[in-house]
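Colleague: This is the structure I want to talk about, given as structure tokens.
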Amino acid sequence: MKIAISTDTTSTISLDLAKKLGIYVFPLNVIINGEEFLDGVSITPSKLSEEMKAGKVIKTSTPPPMSVITYFEEIFNEGYDYVIHFTISSKLSSMNTLFNNMSAEHFDNKVIVIDSYSLSIVQLSQVLYAYEEVNKGTSIDEIKEKLNERKEDYYLNFVPENLTALKNGGRISPAIAALGNMIGLKPVLALIDGALDKEAMTRNVRKTFAENITKNVEIRPIDKYDYIVVSFEGNEELVNYLIREINKFFPDYKVPVLPVAINVCAHCGPGTVGVLIVPRIN
């Protein structure tokens, strides 16, 4: 049985790595002042940052069904029997429902749609885990069971530089954004149970991150987990501070600094920095 691994650009997998491993990537969209751009095709994080700083209206939406059908048809035409496809958390987007419907209506449920219950590098860790299991010859049912066991075993929180993007996206009111920006309050956003929630508000971002890292090191040891800094044009001093905080506990560990998914950037804005902890894979 020939099984393909597929994901969308929320996973932030680089196109070079995807090509090397033979993982298929569906580009999601960002809409800027009514014009649609495709992640990794016609829009980059730096370009998105420019448009956000220019005050343009940024939105995201589900892709047209026909583009989904064409995408999977091209994969099956390469001789695959099944496709395991990972979507952003169903609590953050209707993408999972759309892809499940397309699988049932057009592909006899041979597209196995996995709700990653996550986003960004957390989603990518599941994709790469499934890739390894497929190469081991693990059955689809076993892979689904194993993914279900590990999909909530992560830690992710991040802090936007200010509240402007959240206001522009309708996530908070203009009044709260104005007040928060004026007094220097920043929201600490966390991925909990597949949904993004405001974990706290803070004026001291460094202290908040340091406390959260300390809280995790005992329950998520470095031999079993990867500690990652994520950044969307984040403050370099803050990024380096987080690396040093992680290295206090794990001095020989080389901390990766990885991007935030564009469809997340569209809502949190430039200057967003976070810490992510995920189970290690080979």
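Read-outs throughout are calculated quantities, based only on the coordinates presented, and are distinct from any laboratory measurement. Keep in mind that what you see is a predicted model, and the values were worked out from it rather than measured. Using ideal geometry, Cβ is built from the backbone for each residue, glycine included, and neighbour counts are taken over all protein chains shown.
Colleague: So how long is each side of the stretch 50-100 along the principal axes, counting just the alpha-carbon atoms, biggest first, in Å?
Modeller: 46, 23, 16
Colleague: In nm², what is the average projected area of the convex hull enclosing the Cα atoms of the stretch 1-90?
Modeller: 6.7 nm²
Colleague: Also, quick follow-up: Using a 7 Å offset from the Cα along the Cα-to-Cβ direction at both S42 and V217, what is the distance between the two label points in nm, to one decimal?
Modeller: 4.8 nm
Colleague: Another question about this same structure. Once R0 is set to 41 Å, what does the formula 1/(1 + (r/R0)^6) return for the Cβ-Cβ distance between N247 and N33, expressed as a FRET efficiency to the nearest 0.05?
Modeller: The pair N247/N33 has a calculated efficiency of 0.45.
Colleague: Which one of N212, N96, N135 has the biggest mean-square fluctuation once the chain is modelled by GNM with Cα springs under 10 Å?
Modeller: Most flexible of the set in this elastic network: N135.
Colleague: Residue farthest toward the positive end of the dipole of the chain, with Cβ of Lys/Arg at +1 and Asp/Glu at -1: which of I43, P160, F107?
Modeller: Looking along the dipole axis, the top candidate is P160.
Colleague: Helix-only estimate, please: 222 nm mean residue ellipticity of the chain, summing -39500 (n - 2.57) across DSSP H runs of length 4 or more and dividing by its residues, to the nearest 500.
Modeller: Helix-only estimate at 222 nm: -12500 deg cm²/dmol.
Colleague: Hey, in the GNM for the chain with a 10 angstrom Cα cutoff, which one of Y253, Y129, Y82 fluctuates hardest?
Modeller: Ranking Y253, Y129, Y82 by mean-square fluctuation puts Y253 first.
Colleague: Could you give the length gained on full extension between R150 and K224, defined as 0.36 nm per residue of separation minus the Cα-Cα distance, in nm?
Modeller: Extra length from R150 to K224 when fully extended: 25.4 nm.
Colleague: Can you give me the distance in nm between label points at S139 and E105, each placed 7 Å from the Cα along the Cα-to-Cβ direction?
Modeller: Computed distance between label sites S139 and E105 equals 3.1 nm.
Colleague: Which residue fluctuates most in the GNM of the chain (Cα springs below 10 Å): T272, T87, T208?
Modeller: In this elastic network of the chain, the residue with the biggest mean-square fluctuation among T272, T87, T208 is T208.
Colleague: Using 20 Å as the Cα-Cα cut-off, could you pick out the over-long pairs in K47/K198; K198/K254; K186/K207? Write out the running numbers ahead of the final one.
Modeller: Numbers: K47/K198 27 Å; K198/K254 29 Å; K186/K207 13 Å.
Too far apart for the 20 Å limit: K47/K198; K198/K254.
Colleague: Can you tell me the Rg and Dmax of the stretch 25-173, counting just the alpha carbons, in angstroms?
Modeller: Answer for the stretch 25-173, Rg first and Dmax second: 17.2, 51 Å.
Colleague: Let me ask something else about it. If you wrap a convex hull around the C-alpha atoms of the stretch 126-165 and split its volume per residue, what is the figure in Å³?
Modeller: Values: hull volume 3.9 nm³, N = 40.
Considering the Cα atoms of the stretch 126-165, their hull volume per residue is 97 Å³.
Colleague: Oh, and also: Which semi-axis lengths, in whole Å and largest first, follow from the square roots of five times the eigenvalues of the Cα gyration tensor of the chain?
Modeller: Working through the eigenvalues yields semi-axes of 31, 24, 15 Å.
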